[in-house]
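Right, one structure below, let's go through it.
The values are calculated or read from the model by the stated rules, or taken from the named source; none is laboratory data. Being a predicted model, the structure only gives us computed values, none of them experimental. Cβ coordinates were reconstructed from backbone atoms using ideal geometry, including for glycine residues, and neighbour counts include every protein chain displayed.
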Amino acid sequence: MNILTARRPAGTRDFIGIILSLVVLTCLLGNLAFTTHRRYWYAALLVLLIVSIAYLFIIICRRIRRPFEILLKDDAMVIGDQQIESTAIRQILLKGYERPVIGIQSSRNVILPTGRCFVLTDDTEQGLEQLSRWANQHGIRVMNKPFIRWI
């Protein structure tokens, strides 16, 4: 049984994008000069502002979470408190090269849930080798391919 240490992806690009969106939205709200349907524009921009702040809060909460363990058992993978059977995994996706984000894709998911995406914190090379070895033993493909993860 192999044990790896991981944490959730930081989402730095999302964080920067949301900050820039918040700046633009607040500028639009402050300088809104539309005469027709002004109330609707204010309402729409205010809703976008609230959604952006909520997403920013989610990103910050994920960044401050503690690392968790991944157990590679003979017939399953345990990510934190979630056990995934090896037969339910279609492929393991890697996004990036230096410190890749790893996504576990099941046969029914196209967009990966955040609970199945992680970044290895310890020795990345050795962890990727262990994960690749475990995947090869169970006939699971490991692909270096970009993927979409749910918030």
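Summary table
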{"item": "Restricting segment 1-22 to residues that are of a type in the set (A, V, I, L, M, F, W, C) and in a loop (DSSP other than H, G, I, E, B), the residue that is nearest to the chain's Cα centre (by Cα)", "result": "Ala10"}
{"item": "Qualifying position, being at pLDDT below 90 and buried (at least 18 other Cβ atoms within 10 Å of the Cβ), among Gly80, Gly127, Gly115", "result": "Gly127"}
{"item": "Positions within segment 3-12 being modelled with pLDDT of 75 or more and exposed (fewer than 15 other Cβ atoms within 10 Å of the Cβ), in sequence order", "result": "Ile3, Thr5"}
{"item": "Scope segment 57-116; condition acidic (Asp, Glu) and out of contact with any strand residue (DSSP E or B) (no Cβ under 9 Å at 6 or more places or on another chain); matching residues", "result": "Asp74, Glu98"}
{"item": "Tabulated pairs, segment 122-151, first farther than 17 Å from Asn2 by Cα, second part of a strand (DSSP E or B) and charged (D, E, K, R), C-beta under 7 angstrom, 6+ apart or interchain", "result": "Pro146/Lys95; Phe147/Lys95"}
{"item": "Which numbered condition Ser107 fails, given (1) of a type outside the set (A, V, I, L, M); (2) closer than 18 Å to His138 by Cα; (3) at pLDDT 85 or above", "result": "(3)"}
{"item": "Boolean, Leu56 is surrounded by 14 or more Cβ atoms within 10 Å (Cβ to Cβ), of a type outside the set (Gly, Ala, Ser), at pLDDT 80 or above and farther than 23 Å from Gln137 by Cβ", "result": "yes"}
